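See below for the structure under consideration.
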Amino acid sequence: MPAATSNPLTSLRTSYTHWTQEHVRWSDTDLVGHANNLTFGAFCETGRSLFLRRYVDKHFTERAMFLPAQLILNFIGEVFWPAQVDVGTGVLDIGRSSCRIGQGLFEGDRCFGTSETVIVLIDEVTRRPQPIPDSIRNWFEGYRIG
């Protein structure tokens, strides 16, 4: 079976302007000694959450609730405790009510994982998809990859 494809720009450190720092904890490792697959997802979740944080902050004037609809993780290499991890987050595509987020996981300049996540903007009351406002769309454009 062929591997899932992803945008090659997600593995380039220069593709990102939004960064979050994490680290591999001892408890993140498995019997092989490297960070396990759940840890890759947790690193990406932290990066996405901090990227979108302004829209869930109760003090921010324009609230927006984005929920993940799809997540693809690409395991490119191993990373070991106690590595520092830099999580780059950017925008690959913007649709009517959804956006595709690209992320790269780096130890120094080495990319060891990437992800692509489709997030959907929903109405907080009805829980149904809603169009992304122009103000958020313009903010996303500032983080465009490629």
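Taking residue 132, is it aliphatic (A, V, I, L, M), more than 19 Å from residue 11 (Cβ to Cβ), at pLDDT 95 or above and surrounded by fewer than 20 Cβ atoms within 10 Å (Cβ to Cβ)? So residue 132 fails the test. Which pairs do you get when a residue that is in a loop (DSSP other than H, G, I, E, B), found in region 1-12, comes within reach of a residue that is modelled with pLDDT under 90, reach meaning Cβ atoms under 9 angstrom, with the pair 6+ apart or on two chains? Note: pairs meeting the criteria are 7/146. Among the residues of region 103-129, those identified as surrounded by 15 or more Cβ atoms within 10 Å (Cβ to Cβ) and hydrophobic (A, V, I, L, M, F, W, C) are 105, 106, 111, 112, 118, 119, 120, 121, 122.
The residues of region 26-74 that are under 15 Å from residue 124 (Cα atoms) and of a type in the set (D, E, K, R), listed by number, are 57, 58, 62, 63. Across region 108-146, which residue is nearest to residue 22 (Cα to Cα) among those that are touching a residue at least 40 places away in the same chain (Cβ under 8 Å) and assigned to a helix (DSSP H, G or I)? Across region 108-146, the extreme among qualifying residues is 140.
Just one of the numbered conditions (1) in contact with an Asp or Glu (Cβ under 6 Å, 6 or more places away or on another chain); (2) aromatic (Phe, Trp, Tyr); (3) in a loop (DSSP other than H, G, I, E, B) is not true of residue 60: (1).
Residue by residue, here is whether (1) assigned to a loop (DSSP other than H, G, I, E, B); (2) in contact with a strand residue (DSSP E or B) (Cβ under 7 Å, 6 or more places away or on another chain) holds:
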position	(1), (2)
20	no, yes
31	yes, no
39	no, no
44	no, yes
48	no, yes
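Listed by first and then second residue, the pairs with beta-carbon distance under 7 Å, at least 6 apart or on different chains, first residue in region 36-65 and of a type in the set (A, V, I, L, M), second surrounded by 18 or more Cβ atoms within 10 Å (Cβ to Cβ) and part of a helix (DSSP H, G or I), are 64/136. The residue pairs whose first member lies in region 92-103 and is closer than 13 Å to residue 8 by Cα and in contact (Cβ under 8 Å) with a residue 40 or more places away in the chain, whose second member is acidic (Asp, Glu) and surrounded by 18 or more Cβ atoms within 10 Å (Cβ to Cβ), and whose beta carbons are closer than 7 Å, counting only pairs six or more residues apart or on different chains, are 92/116; 102/116. Among the conditions (1) modelled with pLDDT of 95 or more; (2) more than 19 Å from residue 25 (Cα to Cα); (3) aromatic (Phe, Trp, Tyr), residue 80 misses just one, which is (2).
The values are calculated or read from the model by the stated rules, or taken from the named source; none is laboratory data. Quick caveat: nothing in here was measured; it's all calculated off a predicted structure. Positions of Cβ are generated from backbone atoms using ideal geometry, with glycine treated the same way; all protein chains shown enter the neighbour counts.
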